[in-house]
Amino acid sequence: MRWQVRLRVEGPLLVGKGTPTQNVLLGRDYIPGSVWRGALAEAVLRAAGALAPGAAGQAAELPPEFGLAFGPETRFGFLYPVPGEKWDGFPLPLTVRSCKARPGFACGVHGRGKGGGHGVLDMLLVTLRRHLGLAEELSPGCPECRERLDRFRGVAARMPLSAGQDTAYETVKVRRQLLVRVGLDRRTETAADGVLYALDAQVPGRDRALYFTGTWRGTPEALHALHQLLDGACPRAGDGWAIRVGTARARGLGRAVLEITEAQAVFLPPLEERLEAFQPRQGDGQPADPDHLCFALLLKAPLLVRDAAGVACGLPAAAVLAPYVTSLPVGLEFLETVSVLEWESSDGWAMAWGLPKPVQAALAPGSVLAYRAPARERRAVLAFLEEVENGGLGERTAEGWGEVVACDPLHLKCDAGKEAVKQ
């Protein structure tokens, strides 16, 4: 089952991105699953005395709920910044384009007032229709000012669906501040001569709090076990727990309140409805490819799949996906010319080891994987999409990797074959 996670940051937050460059540590715009998973596990282990000096070999003294709450069957998803408590954050697809002069959605904060953007256009369905041989006539440039369209990167948020109302979208811009600190001499525990370093931290805005949202997946028993462990390790703060997350916590960064709610907000239509709406159609409304079902997977987290030689693969065809899923449609075809992929390197710090994690290349969040399967495999396609949405895809799924959204409604709403989206 999937549960909603909300993190309210109460001060500067820094989630490090790579190793420092010239004493400057850059930060990420999101919180990887391994970061807040490690922060919770560290708090629990410290409360149990397992992280005290000379506590090696005391794993047997851990609470019995630890293995259930942090086991391989649970998934700590990536947390993305959002403008408020009721929003769902996600990386913008790499298929998105926007006006060079005034990029972004045409809505204001929380959908009120005029926004500064000229709208957002998504090229996925356009490319798919062209792949199927349909002519696609697009007006050059931005529909508002005819300015050039550029790639549009970043994080977006959407409001939960409600009866009779459309989904509201908004671009999320996180306020950042460069914090300069003095290095300490480890021998004297005083300021070191001539040693300065800078932290590229996120800070809450003056008019709104800084929220991150995501999901936690596991059984109700695992959720109950996690609640028990947090009650014994972290102070209560309202409906959540006060925790410390990220880098430079000794410098006062990373104070936050974590809430894991059993209420499951609905951010997306049902899977079958999304699949049907995604099918490309001709001008008269008839299916463009009645013999096949087309679908796409939007990556909300890095995706790591390996080929038969054990090498990280950037073309996840059916043969590559087969070892990672239990149900795979017969005749599944990876549409390489329609998909849009990027690589990124991931690293981090392992609290349990006290060492940096190995650098691993994977497909980046925001990448879009396009597929096609025979229409007769509809039931198998739905089973496959349900499995990868609920359980993740590829390796390191317990850390939130491999989280995907099938046939994201943004592709249809912002279809470049229509007018630019305006909220």
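The values are calculated or read from the model by the stated rules, or taken from the named source; none is laboratory data. Model, not experiment: these values are computed from the prediction. Here the Cβ positions follow ideal geometry from the backbone for every residue, glycine too, while neighbour counts run over all protein chains shown.
Please work out if L124 is touching a Cys at 6+ places or on another chain (Cβ under 7 Å) and under 17 Å from V368 (Cβ atoms). When the stated conditions are applied, L124 does not pass them. Checking each residue of region 403-418 against the condition of being among the small types (G, A, S), under 30 Å from S139 (Cα atoms) and under 17 Å from the mean Cα position of the chain (by Cα) gives at least one match. Of A222, A157, A242, all but one fail to be in a helix (DSSP H, G or I), at pLDDT 90 or above and among the small types (G, A, S); the exception is A222. When region 178-202 is limited to residues that are acidic (D, E) and farther than 20 Å from E10 by Cα, the one that is modelled with the lowest pLDDT turns out to be E189. Considering region 358-372, and only residues there that are touching a residue at least 60 places away in the same chain (Cβ under 8 Å) and assigned to a loop (DSSP other than H, G, I, E, B), the residue that is nearest to L293 (Cα to Cα) turns out to be S367. Filtering region 25-47 to residues that are touching a residue at least 60 places away in the same chain (Cβ under 8 Å) and of a type in the set (A, V, I, L, M, F, W, C) leaves L25, L26, I31, V35, W36, A39, L40, A41, A43, V44, A47.
Sort out which residues of region 245-295 are assigned to a strand (DSSP E or B) and either closer than 30 Å to V203 by Cα or aromatic (F, W, Y) (or both), and write them in order of number. Hits for region 245-295 are R255, A256, V257, L258, E259, I260, T261, F295. Note on region 205-263: among residues that are in contact with a strand residue (DSSP E or B) (Cβ under 7 Å, 6 or more places away or on another chain), in contact (Cβ under 8 Å) with a residue 24 or more places away in the chain and surrounded by fewer than 15 Cβ atoms within 10 Å (Cβ to Cβ), the one that is farthest from A157 (Cα to Cα) is R251.
Among the residues of region 333-360, those that are of a type in the set (G, A, S) and more than 14 Å from P316 (Cβ to Cβ) comprise S345, S346, G348, A350, A352, G354. Are any of the residues in region 374-388 assigned to a strand (DSSP E or B) and assigned by TED's automatic domain parsing to the domain that holds F278? Taking every residue of region 374-388 in turn, at least one turns out to be assigned to a strand (DSSP E or B) and assigned by TED's automatic domain parsing to the domain that holds F278. Looking at V381, V368, just one residue is surrounded by 19 or more Cβ atoms within 10 Å (Cβ to Cβ), touching a helix residue (DSSP H, G or I) at 6+ places or on another chain (Cβ under 8 Å) and either closer than 16 Å to P91 by Cβ or not aliphatic (A, V, I, L, M) (or both), and that residue is V368.
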